[in-house]
Amino acid sequence: MAIDAKVSFMNQLQNRLSDIVPINTMTKILAAFSDISERFDMREMDKDEEQDDLLDCFLNAMAVQGRSEQTIDNYRRVLTMMMEAVKVKTRKITVYHLRQYITGLKERGIKDSTREGYRQVCSSYFGWLHREGLIEKNPVSNLGTIKVGKHQKETFSQTDLVRMQDACENVRDRAIVAFLASTGCRVGELVSLDRDALKFNQDGAECVVHGKGNKERKVYLTAVAAMLVRRYLAERKDDNPALFVNRYKERFKTNGIRDFLKRIELASGVHHVHPHKFRRTLATEMSRKGMKIELIAAILGHDKLETTMEYVQLNDEDTRQSYRRYAS
């Protein structure tokens, strides 16, 4: 036990007992406590130490549950920003602190979808602390969700996909674009794949990827995508097991793929080229062709059909054609 903390505690305990028990009894109690306390680390904990301790416990639990490093880093970033803003110890944070924090974000011009994302992170954090018995009450329980206006998210047109292919400098780049468009893989899933994961067949190829929570699922490549990947692998002279490598013959990292897609965006003139747009495009195209939403969810690796529905971007013309097909 730290000396300063022990002295402070003993003095406070003596003051409390002085009017309650005889001096001889108090002396025995203080002696017994002094002896027992030597076995424990009972340092006084400051604000930063307490918050770091609880936050680290939560993040460690997320890691045990199989959350990705990217997800854990995002939780750490969002929760650290919240703690720095409210300036209150974690166990003393109330719904009023969080409401003021969320309102402050709006005043700073942070969009509603981002604020709702922050609220969901806080909900996960405080909900876990409450379930673990580390806090008495979950301050997010009465916070309420933030309404986010729905708008049509972009997907790639067939012309966009052709323009991106034309902007590629080599077969590797064309293979990456085709792989993302064909499988709808997340960027983390793409970079973790090894070349021997692909099983080529007469229809194209397939492979097993490890998604969020380390859950396995099978994805499929079209004949064109499989052909481009096969050509790329045939040109490789390195012995790196990674499916896709950078110019230094090293496995791509997630930021490397994002930088690559940004270059494709600039070269092709296609707006907002990013991995999730490939996923939305694949989901939308499969839905337009009549694939059941349950199968689309399985291919994208979604546990909830509601999540998959958010990826399917159908327009008025899609609705009109479907009505004419089924109502006539």
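Taking the stated definitions as given, is LYS237 charged (D, E, K, R), assigned to a strand (DSSP E or B) and in the same structural domain as ILE296 (by TED's automatic domain parsing)? Judged against the criteria, LYS237 is not a match. Considering the stretch 148-196, the qualifying helices (runs of 4 or more DSSP H), each wholly inside and each with 2 or more residues that are surrounded by fewer than 19 Cβ atoms within 10 Å (Cβ to Cβ), run over 158-167. Scanning the stretch 306-320 for residues that are surrounded by 12 or more Cβ atoms within 10 Å (Cβ to Cβ) and modelled with pLDDT of 60 or more turns up THR307, THR308, MET309, GLU310, TYR311, VAL312, GLN313.
Each residue in the stretch 103-116 was checked for being more than 15 Å from VAL88 (Cβ to Cβ) and in a helix (DSSP H, G or I), and 9 of them qualify. Only one entry of LYS106, LYS150 meets the criterion of being under 30 Å from LYS277 (Cβ atoms), modelled with pLDDT of 85 or more and more than 20 Å from the chain's Cα centre (by Cα), and that entry is LYS106. Taking ASN214, is it in contact with a Phe, Trp or Tyr (Cβ under 8 Å, 6 or more places away or on another chain) and farther than 26 Å from SER157 by Cβ? So ASN214 does not fit the description; no.
Does SER113 satisfy the condition of being under 19 Å from the mean Cα position of the chain (by Cα) and not assigned by TED's automatic domain parsing to the domain that holds MET309? Considered against the rule, which asks whether it is under 19 Å from the mean Cα position of the chain (by Cα) and not assigned by TED's automatic domain parsing to the domain that holds MET309, SER113 comes out as yes. The single condition among (1) out of contact with any Asp or Glu (no Cβ under 9 Å at 6 or more places or on another chain); (2) surrounded by 15 or more Cβ atoms within 10 Å (Cβ to Cβ); (3) among the polar types (S, T, N, Q) that ASN201 does not satisfy is (2).
Scanning the stretch 110-147 for residues that are within 28 Å of PHE278 (Cβ to Cβ), free of Cβ contacts under 8 Å to residues at least 40 places away in the same chain and not charged (D, E, K, R) yields ILE110, SER113, THR114, GLY117, GLN120.
The values are calculated or read from the model by the stated rules, or taken from the named source; none is laboratory data. For clarity, every value in this text was computed on a predicted model and none was experimentally measured. Every residue, glycine among them, receives a Cβ derived from its backbone with ideal geometry; neighbour counts consider all protein chains shown.
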